[in-house]
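**Student:** I'd like to ask you about the structure that follows.
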Amino acid sequence: MQFIKYSGLSARQFDLSIGASNGYTLRMSKNRASIGSDVIENILRTYPDLNVVWLLTGEGPMLKSQQEDEILDFDNLSPEKQKEIEQIIEIKIKERQREELKVLLREVADEIGKQGN
């Protein structure tokens, strides 16, 4: 919600820009719910200047351009934030592996189908 306010967008405009359903952001905010990694990915693709660490943890500057060429020092984050980031990374890696496996299985199935003809 902070970024939406900063960017001058309405919640509806933001939802549309990231491919979320109408009212998604307001529902997540109202219920203090976690957003899915796919939505986080869409947000970061749509708004590449948004600082991923700020988006995930609320720490640091909101925008990459606000960083003074600092590199995030992961070791200086609290253990809780480190664990949170590691869990998100692990989930994203598993999601990508699953997608790659599906593609590979489709390719193998197609190849087997071609050999059977």
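The values are calculated or read from the model by the stated rules, or taken from the named source; none is laboratory data. This is a predicted model, so every value here is computed, not measured. Cβ coordinates were reconstructed from backbone atoms using ideal geometry, including for glycine residues, and neighbour counts include every protein chain displayed. These area figures cover heavy atoms from the full protein model, side chains too; ligands, DNA and RNA do not enter into them. Shrake-Rupley method; radii C 1.70, N 1.55, O 1.52, S 1.80 Å.
**Student:** Report, to the nearest whole %, how much of the accessible area of the chain belongs to carbon and sulfur atoms, 1.4 Å probe, protein only.
**Tutor:** Of all accessible area on the chain, carbon and sulfur atoms account for 53 percent.
**Student:** Normalised by the number of residues in the chain, what is the relative contact order in percent for Cα pairs under 8 Å and 6+ residues apart?
**Tutor:** Here the relative contact order equals 13 percent.
**Student:** May I pose another question? For LEU63, enumerate residues with amide H under 5 Å from its amide H, sequence gap 5+ or separate chain, H modeled in the peptide plane.
**Tutor:** Distant-sequence amide H within range of LEU63: ASN51.
**Student:** While we're here: Which of LYS64/LYS92; LYS30/LYS83; LYS5/LYS94; LYS5/LYS83; LYS30/LYS102; LYS30/LYS94 have a Cα-Cα distance over 27 Å?
**Tutor:** LYS5/LYS94; LYS5/LYS83; LYS30/LYS102; LYS30/LYS94
**Student:** Which number do you get for Rg(Cα) / (2.2 N^0.38 Å) in the chain? Please report the intermediate quantities before stating the final value.
**Tutor:** Details: Rg = 18.6 Å, N = 117, 2.2 N^0.38 = 13.4 Å.
Expressed relative to 2.2 N^0.38 Å, the Cα Rg reads 1.39.
**Student:** Of the chain, which part is the longest with no GluC sites (Glu not before Pro) in a loop (DSSP not H, G, I, E, B) and with at most 14 other C-beta atoms within 10 angstrom?
**Tutor:** 1-58
**Student:** Follow-up question, since we're still on this one. If I model a spin label as a point 7 Å beyond the Cα along the Cα-Cβ vector, how far apart are those points for ASP110 and ARG98 in nm?
**Tutor:** With each label point 7 Å from Cα toward Cβ, the separation is 2.3 nm.
**Student:** Now for a different question. So, for the chain, what is the accessible surface per residue at a probe of 1.4 Å, expressed in square angstrom?
**Tutor:** Dividing the accessible area of the chain by its residue count gives 75 Å².
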